[in-house]
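This report concerns only the one structure given below.
Just so you know, all these numbers are worked out from the coordinates, no wet-lab data involved. This one's a predicted model, so the numbers in the text were calculated from it and none came from an experiment. No Cβ is skipped: glycine too gets one built from the backbone with ideal geometry, and neighbour counts run over all protein chains shown.
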Amino acid sequence: MTNFEKISKRIDSYEKDMIELQGILTAIPALSPVNGGEGEVKKAEAIIEYLKGMNFSEILELNAPDESAPCGYRPNIIAIYKGKSSKKTIWIMTHMDIVPPGDLNMWETDPYKIEVKDGKIYGRGTEDNQQSLVSSIFGLKGFIDEGLLPEYDVGLVFVADEETGSQFGLGHILKEYKKFRPEDYILVPDSGNFDGSMIEVAEKSILWVQFTTKGKQCHASHPAKGINSFRAASHLVVKLDELYKIFPNINNLFAPPISTFEPTKKEGNVPNINTIPGKDIFCLDCRILPEYPLEDVIKTIKNMCNDIEKTFNVKIEMDFPNKEEAAPPTQADAPVVKAVSESIRSVYKVEPVPMGIGGGTVAALFRKAGFSAVCCSKHDELAHQPNEYCKIKNIIDEAKMFAHLMLQE
């Protein structure tokens, strides 16, 4: 029996333990203060407690100060396990924070209490990003329990704040921790597809815009006495759809292969029906192909706002909760891409496909810092949806894929 076969068999035996850890983590709502939560500190404490018995040479806590969190900081964890050689480190980074469950009426289960049925674990965060978080731990645990060493050092990284910008997560780590090297393999399993074949090597630019339209509030029976901010904002929403025609390029590296401009969040304006609102707020999510500079898009949107202001006699303010130019891509022939591809072929029995995505991952921060990083995960793409689940088989398979990567010379 080969070492990989031994470890794979051992990983198969962890199914009950994997489900148990998913239950522990799901019961801790690690929501950012921006999303109405207390942050990730309790989840981090649970993870550290779980790691203590795994003979890591170092478990480092890098806390990012955050006054909005009740504890005053956002936690990040780096756990180093020594392999046969320290010439490189195999890094697997997952995030601890989750998004809110949304409309609870759309859930068939309690989002913060796992339910196991039909080979799936239901609960908020079970796929995004706890599936890969759990897999990274048990992929390494297979080596420990078999008395084997990975070919190189392994670093498991658990970050905060991925869902709301990474300022207190990887952004903080890259400022404080200087041990990442160009020769390292950096894997961020926070993007993938149903069979695990996708290797994400590039991302679009991200632009979130919040529009505040200001008019004049009045009684709805006398509209001439006011200026209806909601009407003006509604016309702006329709006008923004023209962005698809203004920035029409197609880049087949990405899925979808176009830039996207979608209205999303809408805040309440007035509490009663018979009042014309004097202020209206909505948001736009833009995922823009790298060939378009963000400033060109912003300039175009400002011109649209100017037209609406003149037509409806309103004032429109623009704020940018998230504004990220696309990072340089990881090259398709980079060593980390080749290594991960070999593990995908061996474990998932599919042909890997390097490609770009519209969603943002923390891998972009690594790329901007000059490190090659890839994303891949085998999942059903249920991130942020009601009734989120992960397949138990996917946790096991992903743990084996990580273990295979750790065995490569």
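Mean residue ellipticity, 222 nm, helices only, the chain: the sum of -39500 (n - 2.57) across DSSP H runs of n ≥ 4, divided by residue count and rounded to 500, is -9500 deg cm²/dmol. For a straight C-alpha distance cut-off of 19 angstrom, the aspartates and glutamates reachable from LYS214 (same-chain residues fewer than eight places away being disregarded) are GLU267, ASP280, ASP307, GLU309, GLU317, ASP319. Once the Cα atoms are used to define both axes, helix 15-26 deviates from the longest principal axis of the chain by about 30 degrees. Helix 3-12: angle to the longest alpha-carbon principal axis of the chain, degrees 0 to 90, nearest 10? The angle comes out at about 60 degrees.
Under a model in which nothing but the beta-carbon of Lys, Arg (+1) and Asp, Glu (-1) is charged, the chain shows a dipole of about 640 debye around its Cα centre.
Here region 1-53 and region 350-409 have alpha carbon centers that stand 16 Å from each other.
Counting only alpha carbon atoms, the long axis of helix 335-348 and the longest principal axis of the chain meet at about 80°. Averaging Cα coordinates gives a centre for region 126-152 and one for region 239-262; these two points are 38 Å apart. Counting only residues at least eight positions apart within a chain, or on another chain, the aspartates and glutamates with an alpha carbon under 19 Å from that of LYS16 are GLU49, GLU115, ASP118, GLU127, ASP145, GLU146, ASP397, GLU398.
Suppose R0 equals 60 Å; then what is the FRET efficiency for GLU146 and GLU291 from their Cβ-Cβ distance, rounded to the nearest 0.05? Once the sixth-power term is evaluated, E becomes 0.80. Here is the list for region 164-213: chymotrypsin sites (Phe, Trp or Tyr not before Pro) lying in DSSP coil, each with at most 16 other C-beta atoms within 10 angstrom of its C-beta, are TYR177, PHE194.
Of the three principal axes defined by the Cα atoms of region 22-135, the extents in descending order read 51, 41, 22 Å.
Taking the chain as a Gaussian network of alpha-carbon nodes connected by springs under 10 Å, the highest mean-square fluctuation of the residues GLU203, GLU15, GLU108 belongs to GLU108. Only Lys, Arg, Asp and Glu carry charge here, each on its Cβ (+1 for the first two, -1 for the last two); on that basis region 71-185 has a dipole of about 660 debye about its Cα centre. Per the Debye calculation on region 100-255 with a single equal scatterer at every Cα and no solvent contribution, log₁₀ I(q)/I(0) for q = 0.16, 0.19 Å⁻¹ amounts to -1.25, -1.37. Sorting HIS379, HIS384 from the fewest to the most surrounding beta carbons within 10 angstrom yields HIS384, HIS379. Between LYS88 and ASP153, the built amide H atoms are under 5 Å apart, and every one of these is 5 or more places off in sequence or on another chain.
The alpha-carbon of LYS141 sits under 12 angstrom from the alpha-carbons of these aspartates and glutamates, leaving out residues fewer than 8 places away in its chain: ASP12, ASP17.
So which of LYS52/LYS204; LYS6/LYS42; LYS42/LYS117; LYS245/LYS279 end up more than 32 Å apart, counting from Cα to Cα?
LYS52/LYS204; LYS6/LYS42
Dipole magnitude for region 137-271: about 1380 debye, using +1 per Lys or Arg Cβ and -1 per Asp or Glu Cβ, origin at the Cα centre.
What is the chain's relative contact order, in percent, from Cα pairs under 8 angstrom and six or more apart in sequence?
Rounded, it is 24 percent for the chain.
Lys-Lys pairs in region 312-399 that are eight or more residues apart or on separate chains and whose Cα atoms lie under 24 Å of each other come to 10.
For region 122-176, what class follows from the C-alpha gyration tensor (a ≥ b ≥ c being the square roots of its eigenvalues): rounded when a/c is under 1.5, otherwise prolate if a/b is larger than b/c, else oblate? It comes out oblate by the Cα gyration axes. Taking +1 at the Cβ of each Lys and Arg and -1 at the Cβ of each Asp and Glu, which of GLY125, GLY83, GLY39 sits farthest along the dipole of region 5-137 towards its positive end, judged by Cα position relative to the Cα centre? Among GLY125, GLY83, GLY39, the one farthest towards the positive end of the dipole of region 5-137 is GLY83. Overall shape: prolate for region 210-323, with the ratio a/c of the largest to smallest alpha carbon gyration tensor axis at 1.5 or above and a/b above b/c.
Each residue of region 90-104 was assigned a 3J(HN,Hα) from its phi angle through the Karplus curve 6.51 cos²θ - 1.76 cosθ + 1.60 (θ = phi - 60°); the sequence is 9, 9, 10, 10, 10, 10, 8, 6, 10, 9, x, x, x, 5, 5 Hz, with glycine and proline shown as x. Ranking VAL336, ILE395, THR212 by how far each Cα lies toward the positive end of the dipole of the chain (charges on Cβ) leaves THR212 at the top. Highest mobility in the GNM of the chain, judged by mean-square fluctuation with C-alpha springs under 10 Å and restricted to VAL314, VAL374, VAL209, is found for VAL314. Can you compute log10 of I(q)/I(0) for region 269-312 with the Debye formula, treating each Cα as one identical point scatterer, at q = 0.14, 0.21 Å⁻¹? At q = 0.14, 0.21 Å⁻¹ the computed log10 ratios are -0.54, -0.85.
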